[in-house]
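*Asks:* First, the structure itself, so that you have it in front of you.
The values are calculated or read from the model by the stated rules, or taken from the named source; none is laboratory data. Predicted model only: the values in this text are computed from it and were never measured. Neighbour counts run over all protein chains shown; Cβ positions are idealised from the backbone, glycine included.
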Amino acid sequence: MTIEAENPRQPPSPARVRTSSDIEVTTYLEIAKEKAGVRPAPAEQKIPVTERETIIVLDFGSQYNLLIARRIRECNVYSELVPFDMPWEKIAHLNPKGIILSGGPASVYESNAPLAPSYVYEGRLPVLGICYGLQAITHQLGGKVIPAAKREYGHTVLHISDRDSPLFAGLDEAITVWMSHGDSIQEMPPGFKAIAHTENTPLAAITNGKNLYGIQFHPEVVHTPQGKEILRNFALKICGCKGNWTIGNYIDESIAAIKAQVGGDKVIVALSGGVDSAVVATLIHKAIGNQLTCIFVNNGLLRREEVERTFSAFRLNLGMNISFVDGTDRFLERLKGVTDPEVKRKAIGEEFIRVFEEEATKLGKVDFLAQGTLYPDVIESALSGSTASAKIKTHHNVGGLPARMRLKLIEPLRYLFKDEVRKVGIELGLPEEMVWRQPFPGPGLAIRVIGEITREKLEILRSADFIVMNEIKKAKLYRSLWQTFAVLTDVKSVGVMGDHRTYGYLVGIRAVTSEDAMTADWARLPYDLLARISNRIVNEVSEVNRVVYDITSKPPSTIEWE
Ligand code: XMP
């Protein structure tokens, strides 16, 4: 993912600045649930906090904020991102050991600028302010922040003047850091001293010598190569965390929470073949065994061998209850004559809900639906107001189901990042192939056959896609690419094979790198690999006589063609 300038996204609610703990603040999770039309989860759904230590990240709106929590977790310390004005009572149960004030797009000297709650400055816990967070500390404790004479953006060299500071333990005197700020500190608050500087920023890191630290650069981005060491120093050396949070702990906590929440009731989960639903199903199966039924719907839009592989992995290897529905005919019937991508998505989503409900009804009374919602989805859906973001594509999973079927939701991955989900999958013993499967969209091949979908076109696409996958795997590139696939266009072109004129389909190849699908770059695949893929497709798939490689990134394109 390319790192861009901080976006102008506003912090959660400028109206709720200078909050004190008696103001009612809705947490991200509650907001997300409200938006999803989900009843508040029973108290037991909270992962039991045993010995777990947490670094709290107060979110002032920078686009890098999730990365802070992620880097801290990479240091084996649990971390959660919460709104900047979250009252102490709402974080105390997480056993906080330190607080990070994140970056953000505002300027502290503006009226209504978001500021940290008073508990941050009461000396209860060590605090690290990053970028805007540093400016908030400065402003709130009596220093002065002004617009920088020269905006500093990009790489710069940080000189560490206090080599004894625990924040910089183990680092060289000069390190490369990433800056992205328009304001800077003119005067430190009383009692503070500078501990590092850059050419343009004399006060690039400051401390009060006790437990308050502030840094102007961003340690969470990869462009600050030793940034993780700085965050580790903060969590372990300054906050005294033990660094004992592991995926194994998470699994144990989740299993206990699921048992407590479900009791003797029944749970259903939609299996897609993807890693998220696979991990959800496996976790829940470990917790409650055959009280779980997986519903696996073949919508006729899956790739070659996908149905067989998924089915055998779950039923044969993991011994789960699976109700399998071959919905090919009804889905394809429903898609007849449909060419508009959004209409395709809607039709598939609705048909899926129908099939799913029919299957669930056969199971008698079911109380819970399990879903593979991930942490970035939770944060994203909490932050993007209903009118704030333009709809680019509708992403259907099983949206609408819980409310319609009066099901309660179980979302055991809602605190995890994708790479952590993969770790859970490995730890649970899922096959590597499943754990490392590239994402595949819910509407499947329907959005990769451009225009109307027919059985013939789906077969052509399956054959071409199978070759792409096969060659990418042989070249050992599968894991390093976010997604790789073939697209069947509705363009036909003239070619020549032997002495004959051909008139065949044009196939597009898409391969992208990405961290989270929000942005993506087209992969610079080796020419000879592209040549092999192209040769094989035109030779082995008789209906295709031309292959093109998609060299657009997202934005301005999207990953899928429809
Ligand atoms: P785009 O094409 O929007 O895709 O750049 C971003 C990521 O989302 C996947 N995708 C979907 N997933 N239902 C899904 O479950 C959908 O309708 C859908 N459309 C796109 C896409 O494969 C990529 O990983």
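*Asks:* Taking the residues in region 509-552 that are of a type in the set (Ser, Thr, Tyr) and crowded, with 18+ Cβ neighbours inside 10 Å as candidates, determine which candidate is nearest to the ligand (Cβ to nearest atom). It would help to see each step written out before you state the result.
*Replies:* Pass one, region 509-552, residues of a type in the set (Ser, Thr, Tyr): 513-514, 519, 527, 534, 542, 549, 552.
Pick out the ones that are also crowded, with 18+ Cβ neighbours inside 10 Å and you get 514, 534.
Working: SER514: 8, SER534: 23 Å.
Once the filter is applied, the top-ranked residue is SER514.
*Asks:* Would you mind telling me which numbered condition in (1) of a type outside the set (A, V, I, L, M); (2) within 16 Å of the ligand (Cβ to nearest atom); (3) more than 22 Å from PRO412 (Cα to Cα); (4) part of a helix (DSSP H, G or I) ARG303 fails?
*Replies:* So ARG303 meets the others, but not (4).
*Asks:* Okay, moving on. Using beta carbons and a limit of 6 Å, which pairs, at least six apart or on different chains, have the first residue in region 488-515 and more than 22 Å from LEU529 (Cα to Cα) and part of a strand (DSSP E or B) and the second one modelled with pLDDT of 95 or more and within 16 Å of the ligand (Cβ to nearest atom)?
*Replies:* ASP490/ILE450
*Asks:* Among the residues of region 318-336 satisfying the criterion of being in a loop (DSSP other than H, G, I, E, B) and modelled with pLDDT under 95, which is nearest to GLN291 (Cα to Cα)?
*Replies:* First pass over region 318-336, keeping only residues in a loop (DSSP other than H, G, I, E, B): 318-320, 327, 335-336.
Of the ones still in play, those that are also modelled with pLDDT under 95 are 318-320.
Numbers: LEU318: 15, GLY319: 13, MET320: 10 Å.
Among those that are in a loop (DSSP other than H, G, I, E, B) and modelled with pLDDT under 95, it is MET320.
*Asks:* Name the residue that is surrounded by the fewest Cβ atoms within 10 Å (Cβ to Cβ), counting only residues in region 337-358 that are more than 16 Å from GLY444 (Cα to Cα) and in contact (Cβ under 8 Å) with a residue 40 or more places away in the chain. Spell out the reasoning first.
*Replies:* Within region 337-358, the first condition is being more than 16 Å from GLY444 (Cα to Cα), and the residues that meet it are 337, 354-358.
Restricting the remaining residues to those that are in contact (Cβ under 8 Å) with a residue 40 or more places away in the chain gives 337, 355-357.
Working: GLY337: 7, VAL355: 20, PHE356: 22, GLU357: 13.
Selected residue: GLY337.
*Asks:* Ok, one more. Consider LYS476 carefully, then state whether it is out of contact with any Lys or Arg (no Cβ under 9 Å at 6 or more places or on another chain), on the phi > 0 side of the Ramachandran plot and either in a helix (DSSP H, G or I) or surrounded by fewer than 18 Cβ atoms within 10 Å (Cβ to Cβ) (or both). Working first, answer last.
*Replies:* Working: out of contact with any Lys or Arg (no Cβ under 9 Å at 6 or more places or on another chain): yes; on the phi > 0 side of the Ramachandran plot: yes; either in a helix (DSSP H, G or I) or surrounded by fewer than 18 Cβ atoms within 10 Å (Cβ to Cβ) (or both): yes.
Taking the combined requirement at face value, the residue satisfies it.
*Asks:* Which condition number in (1) in contact (Cβ under 8 Å) with a residue 60 or more places away in the chain; (2) of a type outside the set (Lys, Arg); (3) more than 28 Å from ASP377 (Cβ to Cβ) is the one that PRO443 fails?
*Replies:* Among (1) in contact (Cβ under 8 Å) with a residue 60 or more places away in the chain; (2) of a type outside the set (Lys, Arg); (3) more than 28 Å from ASP377 (Cβ to Cβ), PRO443 violates only (3).
*Asks:* Oh, and also: Can you tell me which residue within region 413-464, out of those that are within 16 Å of the ligand (Cβ to nearest atom), within 30 Å of VAL338 (Cβ to Cβ) and among the basic types (Lys, Arg), is modelled with the lowest pLDDT? Can you show your working first?
*Replies:* Step one: of region 413-464, the residues within 16 Å of the ligand (Cβ to nearest atom) are 413, 417-419, 421-422, 436-450, 453, 461.
Within this subset, residues satisfying the condition of being within 30 Å of VAL338 (Cβ to Cβ) are 437-450, 453, 461.
Pick out the ones that are also among the basic types (Lys, Arg) and you get 437, 448.
Values: ARG437: 94, ARG448: 98.
Only one residue fits best here, namely ARG437.
*Asks:* Just need a number here: residues in region 474-487 that are touching a strand residue (DSSP E or B) at 6+ places or on another chain (Cβ under 9 Å) and away from the ligand (no atom under 16 Å from the Cβ).
*Replies:* Narrowing region 474-487 to residues touching a strand residue (DSSP E or B) at 6+ places or on another chain (Cβ under 9 Å): 477-478, 480-487.
Next, from what is left, pick out any that are away from the ligand (no atom under 16 Å from the Cβ): 477.
Final tally of qualifying residues: 1.
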